[in-house]
Amino acid sequence: MPNITACRICGSGKLHVFLRLGPTPLANSFIKPERIGDPEPSYPLDVCLCNECGLVQLNYVVPPEVMFKDYIYFSSTSATMRGHFAMLASEVLADFAGKGSLVVEIASNDGVLLRNMLGKDVRILGVEPATNIALKANESGVRTLNDFFNSGCARKIRASEGPAKVVIANNVLAHVPDLKDFVTGVSSLLADDGVFIAEFPYLADLYSHLEFDTIYHEHLSYFSLKPIIRLFGQSGMELFDVKKQAVHGGTLRIYAQKKGGPRKASSGKIGGMLDEEKRLGLYGNEAYDKFASDVGTLRAELLALLRGLKKGGKKIAIYGAPAKGNTLLNYCKIGADLVEYAVDRSPYKQNHYTPGTHIMVYGPEKLDESKVDYLLILAWNMADEIMAQQASFKQSGGKFILPVPRPRIA
Ligand code: ZN
């Protein structure tokens with residue numbers, strides 16, 4: 001597939017490419033040991049700003065059927081995310097979903113959110129494109145349709161289930177190639193008094209905290225509030241509330257309804273956030289050019305730190321092998337020459353090599369068998385949880401390295 005020539009929201013061709021992370025394998029394409037010699041596909045990872053609507057987006061799109069067929073991120077493996085979704089489920093039940101109403105979650109993963117609504121007098125339906133994950137969800141009692149959500153899928157659901165009182169889409173908007181069709185689908189599935197709730201990583205946090213590693217092929221769009229409002233407006237919907245969340249390094253949760261719906265918009269809150277985005281410079285090229293230059297500095301500092309430690313005889317391992325870690329490892333070219341191994345709690349990553357950089361991933365017990373002096377935390381959004389779990393490592397003299405926004409030892 002070629003580079004995009006038109007913005008995913010407004011169709012403008014005024015796209016400013018500001019960051020080139022280079023040819024990169026897919027962030028979740030961990031390699032089985034027996035496949036390590038096989039050719040490894042990699043794709044451009046370049047980011048641009050639309051000068052018309054302010055959407056930051058990748059300008060090269062890997063076909064979704066390549067990316068999401070066997071997606072291996074299982075939400076339930078993280079205690080932080082389980083707690084976060086349990087709270088959202090309580091809010092939905094208390095404020096938005098009436099008795100017997102239909103709640104649909106798009107990209108429902110293994111049912112980590114919907115599970116909290118089992119036995120609560122609402123009808124739940126998950127929609128999950130990854131076959132292996134949809135199967136797990138159904139086995140655990142969360143009714144799940146194995147499909148990509150789009151306007152056609154929305155029509156099918158509406159025909160068989162009726163209108164939805166609540167539609168939820170967490171951490172999926174960024175993955176959607178055809179945003180207009182997606183929002184059209186949401187709008188057609190919603191009841192007239194229905195509510196759409198979506199969470200996505202917030203561009204203001206990505207920008208302010210130099211979270212460049214959250215850029216990978218699966219994330220096609222990086223949203224500030226302004227282009228989101230335009231996107232929903234184009235499909236006859238309006239935002240009525242917005243809340244910042246701490247998860248994933250800074251997440252925005254939006255609440256939308258059909259235009260003229262029953263809920264009053266908190267325009268002061270939304271206006272204040274737009275002012276803040278403007279103050280940060282999120283709609284102009286200058287801020288992003290500086291961002292790109294800061295990313296280059298981060299790479300130089302992190303490599304200097306790791307090489308210095310290695311030279312001094314220290315051993316370094318990686319804690320957590322999240323998708324974003326692979327952006328960082330590939331861009332910085334950190335491989336088995338600098339670190340001993342990686343550990344991750346997900347059994348789906350263990351006994352695999354990291355894509356591109358070929359570092360072996362083990363379970364956390366490896367840390368007891370093969371001692372290291374430093375742990376580079378790539379899942380930095382889980383740093384508190386990880387450092388608490390690894391308290392004994394710290395007590396025995398071990399240290400942590402946090403790479404973002406500037407490399408530091410903790
Ligand atoms: Zn645009």
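Every number in this text was worked out from the coordinates using simple rules, so none of it is lab data. Everything quoted here is computed from the prediction, not taken from an experiment. Cβ placement follows ideal geometry from the backbone for every residue including glycine, while neighbour counts extend to all protein chains displayed.
For a test of the definition: using alpha carbon positions, the gyration tensor, and the 1.5 limit on a/c, classify the range 1-151 as rounded, prolate or oblate.
oblate
Compute the Rg/Rh shape ratio of the range 218-309: radius of gyration over Kirkwood radius, all on alpha-carbon atoms.
Values: Rg = 17.8 Å, Rh = 15.9 Å.
Dividing the radius of gyration by the Kirkwood radius yields 1.12.
Just need log10 I(q)/I(0) for the chain at q = 0.08 Å⁻¹, Debye formula, equal scatterers on the alpha-carbon atoms, no solvent, rounded to two decimals.
-0.44
State, to one decimal in nm, how far the label point of Ile36 lies from the label point of Ser140, with both points 7 Å from Cα in the Cβ direction.
Reported label-point gap for Ile36 and Ser140 is 3.2 nm.
For the range 350-410, what D do you get in µm² per second when you plug the Kirkwood radius from alpha-carbon pairs into Stokes-Einstein at 37 °C and 0.692 mPa s?
Rounded, D is 261 µm²/s.
Please state, rounded to one decimal and in Å, the Kirkwood hydrodynamic radius that the range 304-344 gives when every pair of distinct Cα atoms enters the mean of 1/r.
One decimal place: 10.7 Å for the Kirkwood radius.
Dividing the convex hull volume of the alpha carbon atoms of the range 277-410 by its residue count, what do you get in Å³ per residue?
That works out to 122 Å³ per residue.
Give me the distance between the Cα centres of the range 119-134 and the range 137-152, rounded to whole Å.
That distance is 5 Å.
Let me check against my output: what whole-number percent is the relative contact order of the range 275-410, with C-alpha pairs under 8 Å and at least 6 apart?
Relative contact order here is 23 percent.
Determine one quarter of the surface area of the Cα convex hull of the range 89-182, which equals its mean projected area, and express it in nm² to one decimal.
Approximately 5.8 nm², given one-decimal rounding.
Can you compute the modelled spin-label distance between Gln395 and Val66, with each label point 7 Å from Cα toward Cβ, in nm?
With each label point 7 Å from Cα toward Cβ, the separation is 4.9 nm.
Two decimals is fine: what is log10 I(q)/I(0) at q = 0.23 Å⁻¹ for the range 166-254, from a Debye sum with one equal scatterer on every Cα and no solvent?
-1.23
So for the chain: antiparallel DSSP bridges make up what percent, rounded to the nearest 5?
Beta bridges within the chain, antiparallel portion: roughly 50 percent.
Could you compute the FRET efficiency for Lys315 and Ala79, with r as their C-beta to C-beta distance and R0 at 25 Å, rounded to 0.05?
Working from the Cβ atoms, E equals 0.35.
Can you list which of the DSSP-assigned H helices in the chain have a Cα extent of 30 Å or more along the long axis and an average Kyte-Doolittle score of at least -1.0?
Both cut-offs are met by 285-311.
For the range 245-260 and the range 387-403, what is the centre-to-centre distance using only Cα atoms, to the nearest Å?
About 33 Å separates the Cα centre of the range 245-260 from the one of the range 387-403.
Using a Förster radius of 25 Å, what is the FRET efficiency between Ser90 and Ala410 based on their Cβ-Cβ separation? Nearest 0.05, please.
0.15
Just need the relative contact order of the chain here, percent rounded to a whole number, with Cα pairs under 8 Å and 6+ apart.
Numbers: 810 pairs, mean separation 61.9, N = 410.
That works out to 15 percent.
Using only alpha carbons, build the gyration tensor for the range 142-193 and give me the equivalent ellipsoid semi-axes, biggest first, whole Å.
Over the Cα atoms of the range 142-193, the semi-axes work out to 17, 13, 11 Å.
Please work out the C-alpha center-to-center distance from the range 275-316 to the range 178-241 and express it in whole Å.
Centre-to-centre distance over Cα atoms comes out at 26 Å.
Work out the FRET efficiency for Thr131 and Arg20 from their Cβ-Cβ distance, taking R0 = 41 Å, and round it to the nearest 0.05. Mind showing how you got there, number by number?
On the way: r = 33 Å, r/R0 = 0.82.
Calculated value: 0.75.
From Cα pairs below 8 angstrom and at least 6 apart in sequence, can you work out the relative contact order of the range 112-256, rounded to a whole percent?
For the range 112-256, the relative contact order is 19 percent.
Each label point is 7 Å from the Cα along the Cα-to-Cβ direction; what then is the distance between the points at Asp368 and Asn351, in nm?
1.9
Just checking the chain: which Cys have no other cysteine's beta-carbon under 4.7 Å?
For the chain, the answer is Cys48, Cys153, Cys332, because their Cβ atoms have no other cysteine Cβ under 4.7 Å.
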